[in-house]
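Undergrad: Before anything else, here's the structure in question.
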Amino acid sequence: MPELIAEDGGQRLHRQRLRDLIDNTKGTLRVASAYVTDRDLLIGIKNRKVCLLTSLLPMDIASGATSIEALLSLIESGVECRCLLERPRLHAKVYIFGSSSAVVTSANLTGNAFDSNIEVGVQIGAESVQELTAWFDKFWAKAHPLNVSQLAAWQQLTAALRRDYSKLRKRANAKLALPNNNLSAAVFLDDLRDLLENATRFFVCNTDRRYGGHDLERDMHSHGCATAWETFKFQSHIEQVEPGDAIFMFAKGIGIIGIGRAKTRCETLKPGARNRIRKTETHEWRVPVDWLDWRGDEEAYPYKEAPNFTFWNVTNERYRGLREGIRKHFLGGS
C-alpha cells in the first residue's frame, strides 16, 4: 500500500523518511533527480553502491539549480554520478532502495526541497520496484559518467554565465511585471522592505571566507540557516535572536551577500547529529532563516570594516549607517 509523504510547511518529512529507508534497506541505492544541491543525504553511506542520475545543462549550473560543488563532494565520497545532457531532459525525482522500496516525489535532491519547499511524494513497496528499477537502469546506461576533473572544468567554463545570470536576475526582479494586473515587480520586495524597515533586531553572520567560506555560504543558503560553531566569539549574540529578526550574511572582504528573516530561535546540534553543515567535534549553533535576497560577490553591499566576529548584534545606534546602507543597496534606494 503506497504511503503518502506530504510536507505541510512544518516538520520536515522527506529527509527523515529517505534517511530511514537508507538505514533500513540493503542493495543498490538509485537516485534520479533533475537538480542537485544537497550532499548530506548521500555522503557517508557505507557498504552499498549509490548511483545518482541527474540532468546537467549549463543553465542549471548558472542559476544554481544544480551545485557543481555538491556533485564534486558526492563523487569524492564514492557516489557514482551520471548525467543526461540531451533533450528531452530528465525531470523525474525517484529514490530506489535496493529491491524493497522506492519513493517517487516532487522533491529534488536539494536543500530547498528537503528543508523549506512544500513537497509531496509516495513511498511504494517491492511490488513496483522492479519496474521502476528497469526504468532507471535504461537511462543510466545512456547517461554520461561524471568525474572530478570534468566538473572542475565545467565550473570554470560557466563562471561568466553564472555572473551574467546573477545580473539578469537582479534586473528581472526590478522590472518584471506580474501578468494580468497592474502590480509592479516591487511586490517581490515587500517582504524584504518590511524586514529592513520594521525588524526589532539585526544580526550579522560571518561566513569567514578564509576557511571554506564559499562552501559554508552555499550550505547555509540551501539549508535555510545562519550557522556558527562553539568556539566563536560572542556566543551570547546568537542566543538573542528571536523569530522575525533580520539576519545579514557577511562574506569577509566582500560585504553583505544575503538577507533573511529568522524563523525560530537558535538551536544547537551536537557533534554527530544528522543534517549538520560542518562535521566537527564542536556544537553547531543554527538559526533557521527564510533568505529573502541572496547575491553574488559583484552585487554584494560592500562592507569591509566589520569586526572579526562570527555572529554579532548590529541593532544599536553604532550600526545605523550599516543598516541604512544595506537598505538602500538591496532596495535600490526605495
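Readers should treat all values here as calculations from the given coordinates under stated rules, not as data from a laboratory. Predicted model only: the values in this text are computed from it and were never measured. When we count neighbours, we look across all protein chains shown, and the Cβ atoms used for this are built from the backbone with ideal geometry, even at glycine.
Undergrad: Can you tell me which of 145-154, 285-294, 78-87, 33-42 comes out highest on packing, and rank the rest after it, using the mean Cβ neighbours within 10 Å?
TA: 33-42, 285-294, 78-87, 145-154
Undergrad: Exposure proxy check: GLU76, GLU299 ranked by fewest other beta carbons within 10 Å?
TA: So the residues, fewest neighbours to most, are GLU76, GLU299.
Undergrad: Return the aspartates and glutamates within reach of LYS167: Cα separation strictly under 18 angstrom, same-chain partners fewer than 8 residues apart disregarded; answer none if there are no such residues.
TA: Reachable aspartates and glutamates: ASP60, ASP293, ASP297, GLU298, GLU299.
Undergrad: Given Cβ point charges of +1 (Lys, Arg) and -1 (Asp, Glu) and nothing else, what value in debye, to the nearest 20, does the dipole of the stretch 184-331 about its Cα centre take?
TA: Taking the Cα centre of the stretch 184-331 as origin, the dipole is about 340 debye.
Undergrad: Follow-up. List the aspartates and glutamates whose Cα sits under 14 Å from the Cα of LYS270, skipping any in the same chain fewer than 8 residues away.
TA: Correct list for LYS270: GLU230, GLU281, GLU284.
Undergrad: Then there's this: Using the membrane-span-like helix rule (whole DSSP H runs, Cα extent along the own axis of at least 24 Å, mean Kyte-Doolittle hydropathy at least -0.5), which helices of the chain qualify?
TA: Result, helices passing both filters: 126-142.
Undergrad: Go ahead and estimate [θ] at 222 nm for the chain from helices alone: -39,500 (n - 2.57) per DSSP H run with n ≥ 4, summed, over the residue count, rounded to 500.
TA: It comes out at -10000 deg cm²/dmol, rounded to the nearest 500.
Undergrad: So, one more: Using the 10 angstrom Cβ neighbour count as an exposure proxy, how do PHE203, PHE309, PHE250, PHE330 rank, fewest first?
TA: The most exposed by this proxy come first: PHE309, PHE203, PHE330, PHE250.
Undergrad: Just to check, using Stokes-Einstein with a Kirkwood Rh over alpha carbon pairs, what's the diffusion coefficient of the stretch 184-331 at 10 °C and 1.306 mPa s in µm²/s?
TA: Answer from the Stokes-Einstein relation: 104 µm²/s.
Undergrad: Which three extents, in whole angstrom, do the alpha-carbon atoms of the stretch 3-160 cover along their principal axes, largest first?
TA: Here the Cα extents, ordered largest to smallest, are 44, 35, 31 Å.
Undergrad: Might you report the magnitude of the Cβ-based charge dipole of the chain about its Cα centre, with Lys and Arg at +1 and Asp and Glu at -1, to the nearest 20 debye?
TA: 620
Undergrad: Using a 10 Å cut-off around each Cβ, can you sort HIS91, HIS223 from fewest to most neighbouring Cβ atoms?
TA: Listing HIS91, HIS223 from fewest to most nearby Cβ atoms yields HIS91, HIS223.
Undergrad: Moving on. Going highest first, how would you order 263-275, 20-32 by mean Cβ packing within 10 Å?
TA: Ranked from most to least packed, the peptides come out as 20-32, 263-275.
Undergrad: Right, something else. Antiparallel versus total DSSP beta bridges in the stretch 3-160: what percent is that, nearest 5?
TA: Antiparallel bridges: around 65 percent, rounded to the nearest 5.
Undergrad: Rank by packing, highest mean first: peptides 54-60, 126-132, with packing defined as the count of other Cβ atoms within 10 Å averaged across residues.
TA: Descending mean neighbour count gives 54-60, 126-132.
Undergrad: Can you pull the percent of Cα pairs in the chain with separation above 35 Å?
TA: Tail fraction, whole percent: 26.
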